[in-house]
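One structure below.
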Amino acid sequence: MTANFWKSKCWTACAIGLLCFAAGLLVAARFSHLQQASANSDRVFELRIYHAVPGKLPALASRFRDTTSKILARHNLNVVGYWVTDGASASDNAFIWVVAYTSPEEGKKNWDAMRADPEFQRVISAEQAEKLVEKVDVTYMRPTDFSPLK
């Protein structure tokens, strides 16, 4: 009788252990899907880095503060922020800004409208005459599912 009692207890313990193991696998599988980094947002961000001619970064920042930012806003080019680099390296001439759109198509439409704006064309003509920017880098981005900014 004692051997059968321990045999049934052993099988019960094994069954409970297997059940717990299977439940743990199901929970782990569910959480592993939640941790995938994917771009679920409808918004698109555009990172723009303007490499200013040495010594011209203050003039470039001033242009954005005084005129360009107002033209961007008028054409629904929603600027998330403007930054300048901090330090004493060659990259100190970078003027960085980010624009947000609800879709790539909206961004293209708004940029096209801005480029056709006579006031913006005057700003570009002045920029070409004074030569504030050496190079522009543009990167389009979508936020990950865990990004605080979407």
Over the stretch 44-141 - Rg/Rh using Cα atoms and the Kirkwood inverse-distance radius: 0.96
Trypsin sites (Lys or Arg not before Pro) within the stretch 85-146, DSSP loop, no more than 11 other Cβ atoms inside 10 Å: K131
Loop-located chymotrypsin sites (Phe, Trp or Tyr not before Pro) in the stretch 84-138, at most 13 other Cβ atoms within 10 Å (DSSP): none
Around H51, with a cut-off of 13 angstrom between Cβ atoms, what is the net charge of the other residues, counting Lys and Arg +1 and Asp and Glu -1? +1
Taking square-rooted eigenvalues a ≥ b ≥ c of the alpha carbon gyration tensor, is the stretch 85-147 rounded, prolate or oblate, where a/c under 1.5 means rounded and, failing that, a/b exceeding b/c means prolate? oblate
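Taking the Cβ of E119 as the centre, find all other residues whose Cβ is under 14 Å away and add up their charges (Lys, Arg: +1; Asp, Glu: -1).
Around E119, the surrounding residues sum to +2.
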First select every other residue whose beta carbon is under 10 angstrom from the beta carbon of N76; then total the charges, Lys and Arg +1, Asp and Glu -1. +1
Measuring from label point to label point, each 7 Å out along Cα→Cβ, what is the E105 to D117 span in nm? 2.3 nm
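Computed from the coordinates by the stated procedures, all read-outs in this text should not be read as laboratory data. Please read these numbers as outputs of a predicted model, since none were measured by experiment. Please note: Cβ atoms are built from the backbone with ideal geometry, for glycine as well, and neighbour counts cover all protein chains shown.
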